[in-house]
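Worksheet for the structure shown next.
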Amino acid sequence: MGFDLTIPPQLQRAAAREDLAVCNEATAKHGLRLTEPQMMELVERRGEALRATGRVEFGRGVVRELVRGFCDSPYLSQENYAEVIADVQDVFYRRKEDAEGAGEPMADDDLVEALRYTFDGEAAGSAELLVDVPVATLRAYAAHGRAGAYDEKTQSEEFEEEAAYDGAEERVRDEFSRVLDDERWERPGNEYADGFYDGYHELYRVGFDSNSRIGGSSLG
């Protein structure tokens, strides 16, 4: 994967345009798209990441996998989309190198999935916080994903469900408060009070029989 950095720039641009078309088709339903300058910036950032880690790659870059893996994140918007993908791409290559340096390489798909899980979870949408997540943690997340621990729902679906639950809970609290204010704690009018005391007095009067019994219980 990745561009061969020795190929002519015009071929790199052609490959970037192909990636651009594929990515934009995949993200259209999420309202996200990359421009050609943004895609070329991703190509440049990838080259910088490879040089910084001493890596050499051939073929296609990781952009397609990152776009597919992150496009439905609740933390992505058109405004931050290109920047987040570029930052995550940097982290991807750093952790890829760390994993290989430790003698335990991670598959690209596993690493992308683990980064996405962390991005939506403890990083709360901050690509900067991903930099501090050790490769051992990412490897553990990837293992959980392979075991089916979090692959039944996307992070976006979980986020939406939590938001819906919080909204419903708030509506219940508001309705409960309204009922208390409007009905339960409303002071009864004089007519209600008069009827209550009349009924009480009548119960008290008829409750005693000639044998001094109340409610069927003898007092004697």
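The values are calculated or read from the model by the stated rules, or taken from the named source; none is laboratory data. Since the structure is predicted, the reported quantities are computational estimates derived from the model, not experimental observations. Cβ sites come from the backbone with ideal geometry, for glycine too, and all protein chains shown count toward neighbours. When the accessible area is computed, the model is the full protein with side chains, heavy atoms only, and any ligands, DNA or RNA have been set aside. Shrake-Rupley method; radii C 1.70, N 1.55, O 1.52, S 1.80 Å.
For the range 81-147, what does the accessible surface come to per residue with a 1.4 Å probe? Please give it in Å². Walk me through the intermediate numbers first.
Details: 2850 Å² over 67 residues.
Result: 43 Å² per residue.
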ask   = Taking Rh as the Kirkwood radius computed over C-alpha pairs, what is the Stokes-Einstein D of the range 30-88 at 10 °C in a medium of viscosity 1.306 mPa s, expressed in µm² per second?
value = 130
task = Keeping the other protein chains in place, figure out the carbon and sulfur percent of the accessible area of the range 1-136, with a 1.4 Å probe.
result = 51
request  = Per residue of the range 71-82, in order, report the coupling 6.51 cos²θ - 1.76 cosθ + 1.60 (Karplus, θ = phi - 60°) as ³J(HN,Hα) in whole Hz, putting x for Gly and Pro.
outcome  = 5, 9, 5, x, 8, 9, 9, 4, 5, 10, 3, 4
query = Residue by residue, what Karplus-based ³J(HN,Hα) values in Hz, rounded to whole numbers, does the range 41-47 have, using 6.51, -1.76 and 1.60 with θ = phi - 60° and x for Gly and Pro?
reply = 5, 5, 4, 5, 5, 5, x
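Please list 132-145, 38-51 highest first by mean number of surrounding beta-carbon atoms within 10 Å per residue. Don't skip to the answer; put the middle values down first.
Numbers: 132-145: 16.0, 38-51: 17.7.
Packing order, densest peptide first, comes out as 38-51, 132-145.
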